[in-house]
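Here is the structure we will look at.
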Amino acid sequence: MDRREFLFKGVFSSGLAILGMALAWIFSDLWTAASRFSSARWVPLSPLDQMSFEGVVPFPEHKVALLRKGQKLGAISLECTHLGCLVNVVDRGFFCPCHGSDFGPLGQVYSGPASSALAWHELVDQEGRIWVRLGKKFPSPQWVEVRKEIPKERA
Ligand code: FES
C-alpha cells in the first residue's frame, strides 16, 4: 500500500466513524425527544386496598381521580373541559375554581361555562395496583371490575 492509498483509507475510515457517531447522536436525541413529548403513558396510582368501597380519590399530580362504585372502578380526568384548569372534588361532584364550572359525580356538566363532561381514562387492576393510562381520553367511563375483596374496615 502506498502513502496516497494509506491516507485515503485513513480519511475515509475517519469520515465513516464521524458520520456514524453523528447519526447515533441524532437518533438518540430524537428518541428521547419523542418519549418526552409522548403524553400517552401508564402510571401506577394506588393500591386497591387503600380505597374505600364508594368514593373518589384525587391524584392532582396526574390530573386524574379514581372513582369506586362497589366492584367497579373508573378514572376520571380532573382537567376542566372549558380551559383546562384542575377541578376540585366536592360533595356533589367536581368544581372548577377558574370560572366556576360545576360537574356531577360522573363528570356531567351541571353548569358552565364548560359545555362538555369531564373525560375518562383507561385503567387496569394489576394484582391489586391500579394503573391509569394518561394522555388518551374517552367521553364515557372505562369501568373495570375489581376482583380483590375490600377490607371490612374500609367497606
Ligand atoms: S377552566 Fe374550568 S371553568 Fe374555565
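Here is how the numbers come out for the structure above:
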read-out	value
Top-ranked residue of segment 88-118 - restricted to ones that are within 7 Å of the ligand (Cβ to nearest atom) and among the hydrophobic types (A, V, I, L, M, F, W, C), ranked as farthest from residue 63 (Cα to Cα)	114
Every residue from segment 78-116 that is out of contact with any Phe, Trp or Tyr (no Cβ under 7 Å at 6 or more places or on another chain) and among the small types (Gly, Ala, Ser)	84, 100, 101, 111, 112, 114, 115, 116
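Read-outs throughout are calculated quantities, based only on the coordinates presented, and are distinct from any laboratory measurement. Not measured: the values here are computed from a predicted model. Glycine gets a Cβ as well: all are built from the backbone with ideal geometry, and neighbour counts include every protein chain shown.
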